[in-house]
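What follows draws every value from the coordinates through simple rules; no lab data is involved. This one's a predicted model, so the numbers in the text were calculated from it and none came from an experiment. Cβ placement follows ideal geometry from the backbone for every residue including glycine, while neighbour counts extend to all protein chains displayed.
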Amino acid sequence: MARRFAQLAAVVFLVAGVAGFFTGDASHLDGGQAGGNFDGVALHLTYLRDIVNLVVGGAFAYAGWYPRPRGARILVLALGALLLVLAILGFALSDDDAGTRSFITLHFPIAMNILDLTAGVLAVLCALGDAAEPAEARA
């Protein structure tokens, strides 16, 4: 289950990372509003966040097609923990419409916090769910 989730998450994060480069950078203000948005959704993507998404997507892709299930499960669990830390940090340092609040040039609007929280929880659950399955069921 962890490998299938990793394959799906890889696509989501790689698309978000590549698409983020086309939305602009939240560190540049345009009319009092931060850039890095997509069709009215305040994502406040920065180039650093795009790189984080690409690295997470690449790691999920590696875990999704990794030949050993145990290694993939551990990597998915670690990525889930990283995403949960990003989500908690994001909810603690929530960004505003003007994009004036950031942490190491990472902005944390609600849409990105929800993505990180959802993906993190699902990754942890999938990784732990695989660990609970009997060995013969995983073959």
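The table for this structure:
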read-out	value
Pair Arg4, Tyr62: separation of 7 Å Cα→Cβ label points (nm)	2.5 nm
Likely footprinting exposure, Thr23, Thr118, fewest C-beta neighbours within 10 Å first	Thr118, Thr23
Residues Arg70 and Val121, FRET efficiency given R0 of 25 Å [Cβ-Cβ distance, rounded to 0.05]	0.70
In nm, spacing of pseudo-spin labels at Val11 and Leu128 (7 Å Cα→C-beta vector)	2.7 nm
Fewest-first sequence of Tyr47, Tyr66 by Cβ atoms within 10 Å of each Cβ	Tyr47, Tyr66
Inter-site label distance for Phe22 and Tyr47 at 7 Å from Cα along Cβ, in nm	1.9 nm
Length added when fully stretched, Val55-Ile114, from 0.36 nm per residue minus Cα-Cα	19.4 nm
